[in-house]
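So the structure is just underneath, and the comments pick up after that.
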Amino acid sequence: MTLSYRTGAVLVIIAGAVWSLMGLAIRMIDTANSWQILFYRSAGLAPVLLIFIALRSGGRPLAGIAGAGWAGVVGGLALVAAFAGSIIAFQSTSVANAVFLFAAAPLLTAVVAWALLGEKVRPATWAAIAIAAVGVGIMVRNGLSGGTALGNAAALTSALGFALFTVTLRWGRQSDMLPAVFIGALLAMAVAGLMLWLGGSSLTVSLADGALAAAMGALLLAGGMVLYTLGSRVVPAAETALLSMLEILLAPLWVWLFLGETASPAAFLGGGVLLVAVAFNTLSGTRT
């Protein structure tokens, strides 16, 4: 399929809008716990990705998955932390708090790539990291006083997981992230099942909770990822990062419109500072 730049940009924007519904969907879960949600969401994610991988590989999905190698396995393990952290964050703090902290992932990626791969970090990125640290500090400090420390820690863990995932793709020189995400979905199901067993829980949830969690994986997570992957083929990386920030801006709006959920002024202040840092880093990279 040949895409124009405009079509690719629209696909990336739609992907961000689709992902922004994740917090609202998790808020609508009734009784299922974080590990149950992780299991059924991953169970919905994996088949959709497998179908798309099969289409892109000419009917040879196993070859595409095997091509991810050890980098795909390590990246998949990082995604387990990212997926689990995001669910726990959405259940433990405000959606605004969670998504603002998720936005730190690109800057964390720069630090991890510098530490593990020796990639050079631009001076502008170091400046953005310093600015972002101020924003994160404001939010985390507010979380300690507001009882949302667990949610903030889980959100930062999720951001770090995505950063590690991105670095493993660079380490393995992988151009296609979907096989690694598929591996991550399978590993997430295994880890979720193990954690439930260790905690004396089961996979038994209500039909509504199970269906909603699976739909999150199949429609929101997988659908957004397919759209983003297609769009990113014709849109430069710096611009996709800016366009997909729509997710961070819309996520708090949905829970406010449908559930009346708000966040503290400190969350929006710190989140605003963090978003300025991410946008500054992206724009400076575009100029370069």
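Please treat every number below as a calculation from the coordinates, not as lab data. All figures in this text were calculated on a predicted structure; none of them were measured in a lab. Positions of Cβ are backbone-derived with ideal geometry, glycine not excepted, and every protein chain shown enters the neighbour counts.
Placing a pseudo-label 7 Å from each Cα along the Cα-to-Cβ vector at residue 63 and residue 5 gives an inter-label distance of 3.4 nm.
Scanning the chain for trypsin sites (Lys or Arg not before Pro) in DSSP loops with at most 15 neighbouring Cβ atoms within 10 Å leaves 1-119 as the longest stretch between them.
Relative contact order, whole percent, for the chain stands at 43, derived from Cα pairs under 8 Å and 6 or more residues apart.
With Rh defined as the Kirkwood radius, the inverse of the mean 1/r over Cα pairs, the Rg/Rh of the chain is 0.95. What you get for the chain, charging only the Cβ of Lys and Arg (+1) and of Asp and Glu (-1), is a dipole of about 640 debye around the Cα centre. Mean Kyte-Doolittle of at least 0.5 and a Cα length of 24 Å or more along the axis: which whole DSSP H helices of the chain meet both? Helices passing the filter in the chain: 34-56, 69-92, 123-146, 149-171, 178-198, 265-287. Length gained on full extension, residue 28 to residue 73, computed as 0.36 nm times the residue gap minus the Cα-Cα distance: 13.0 nm.
Averaging the Cα positions of each part gives two centres, and for the range 31-96 and the range 174-223 these lie 6 Å apart. The amide H of residue 103, built 1.01 Å from its N in the peptide plane, has no neighbour under 5 Å, considering only residues 5 or more places off or on other chains. Adding -39500 (n - 2.57) for every DSSP H run of four residues or longer, then dividing by how many residues the chain holds, sets the calculated 222 nm ellipticity at -25500 deg cm²/dmol.
Extension gain, residue 202-residue 119: 0.36 nm per intervening residue step, less the Cα-Cα distance, totals 25.5 nm.
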